[in-house]
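Here, each number is a calculation from the coordinates, and none is a lab measurement. Not measured: the values here are computed from a predicted model. No Cβ is skipped: glycine too gets one built from the backbone with ideal geometry, and neighbour counts run over all protein chains shown.
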């Protein structure tokens, strides 16, 4: 019986692995075929040399950085405060942070277009800067479930109450407590949330496209519709970025504290 | 600041203790930015859409938009979307579970387990446009696997009716993020199967099949169902992968909605709101079931 189950385990694992590795290998092979008759990195050269690639990628990186900043500013004080003072609100906040997983991104952005148009009370979409800001906000919403989960897990491993009281006795105000006591203590958790946000945001298509922003996602889609080998190169570059973000999270998690001295 | 805090609390009901009374507004101030943000950029836009689904162009309340969802093209879009999400969720859940069981319980080397989990974390986030590119390069008309199958095995999958731009092509592509998501979520539940249960079953003379039928399947069942509906919602809301793969031609709800927002193809924005409302209802129901199943599943994970 033991031998049989091991055989099945290897079989399932082998078939699964083939399914997951094959597209990556095939994409790589395809991306090398740009030059007729021989393998070359021409497709990558074209992609990296494309000014549109540089512009859209830079744009998306900047948007991602602002998304992360907004997410941290929003989530860290809230999660801290919920833990410290308003534990009875925790289910409400958790429910809200899970809503972006329930409401599809396309619906959220549709709501934005309807609510923040040029003639509305908050005309985000009247200017390009406003639309950029709205994209950052939308991405912060998409990343909210991951950011909140990461930060809340981080807060669980430190003794929030004692740290706060100690800081207060030493005369620290709330800003100091959050920025210089709490944030450094949950920094690893925050960074995990940040890299996950980055991975989600960097190639996002739906929101960027519907808000007409010159982001990396719509650029990818456009390239896919218009050329043959570059999309494969771009797919592998995107995969490498996602992989990089996830690896960084894994490495960071090794430095994370395992548990608090006193559960709170 | 302190003064205004005190004066604002004067009207608080007397059963609040002294300290709490002084701090109450400050309590709320701490979470106010979050709630304002959530209200403004998550709840109000969504509620606005839902309300719009029940209004006509003049702003009067009506059910016409909801009824209009039953016109053949939109009803077909919902039906195809539900089918694609359902099939990709069931297949993703079964294959993901099989892989999780193989990795956790199958006696494979332990480094394979962590490698699989890491890869699953990456692949479950590798959706959207690049994923579509990968599958076109693999199974498109000139894809590497298509050519290999044709030249080496003599099987021309395109002449057999397969296309990466079709129903099954889309499902094959969706599985690339559905299976890893299943693995990530179900592995803790498979871990929760205690060794003692297997030993107890063996002591009582159970066969391997009886152990699976009477212990493993009942224990994993709620987690399995819960994650399956989550995968369903995951596929139902996906736009980018399908759009990059098939363009605006495929008749599924997210793509219909995308086209509607882009170019107002339905000539009636309120019908677009109804389309969005239908999506929220379906993904909302799926998530409700997920929460219910998950609550049941947690009993075994303590």
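Structure values in brief
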| quantity | calculated |
| --- | --- |
| Packing rank of A:144-151, B:148-155, where each peptide gets the mean count of other beta carbons within 10 Å, highest leading | A:144-151, B:148-155 |
| On Cα atoms only, tilt of A:105-115 relative to the major axis of chain A in degrees | 70 |
| Translational diffusion coefficient (Stokes-Einstein; Kirkwood radius from C-alpha pairs) of the protein assembly as shown at 37 °C, 0.692 mPa s, in µm²/s | 127 |
| Percent RCO, i.e. relative contact order, over the stretch B:156-240, from Cα pairs under 8 Å lying at least 6 residues apart | 35 |
| Estimated FRET transfer efficiency (residue A:120, residue B:114; beta-carbon r; R0 56 Å; 0.05) | 0.65 |
| Average silhouette area of chain A, convex hull of alpha-carbon atoms, in square nanometres | 20.8 |
| P(r) of the stretch B:134-187 over all Cα-Cα pairs, binned every 5 Å from zero, in whole percent | 5, 19, 24, 19, 13, 10, 6, 3 |
| Helix A:230-255 vs. chain A, principal-axis angle (Cα, 0 to 90°, nearest 10) | 30 |
| Relative contact order computed over the stretch B:69-300 (Cα-Cα under 8 Å; 6+ residues apart), in percent | 31 |
| Over the stretch B:23-165: Kirkwood hydrodynamic radius from C-alpha pairwise inverse distances, Å | 21.2 |
| Ranked packing of A:70-83, B:102-115, most packed first, by mean Cβ within 10 Å | A:70-83, B:102-115 |
| Whole-number percent relative contact order across chain A, with pairs defined as alpha carbons under 8 Å at least 6 apart | 28 |
| Hypothetical label at residue B:64: residues of the stretch A:78-113 whose amide nitrogen lies under 20 Å (7 Å Cα-Cβ projection) | none |
| Computed log₁₀ I(q)/I(0) - Debye formula, equal Cα scatterers, no solvent, the stretch B:221-276, q 0.20, 0.25, 0.26 Å⁻¹ | -0.74, -0.94, -0.98 |
| Residue-span extension gain [residue B:210 to residue B:105] - 0.36 nm each, minus C-alpha spacing | 36.1 nm |
| Inter-chain shielding of A:20-33 (mean C-beta neighbours from other protein chains, 10 Å cut-off) | 6 |
| Other protein chain Cβ atoms within 10 Å, averaged over every residue that makes up A:110-121 | 5 |
| Relative packing of A:165-172, B:159-166, B:179-186, A:178-185, which averages over residues the other C-beta atoms within 10 Å, highest first | B:179-186, A:178-185, B:159-166, A:165-172 |
| Chain A: angle of helix A:216-226 to the longest principal axis, Cα-based, in degrees nearest 10 | 10 |
| Histogram of C-alpha separations across chain B, 20 Å bin width, % | 24, 44, 27, 4, 0 |
| Residues residue A:15 and residue A:255, FRET efficiency given R0 of 22 Å [Cβ-Cβ distance, rounded to 0.05] | 0.05 |
| Shielding by partners - mean other protein chain Cβ count within 10 Å, residues of A:5-18 | 5 |
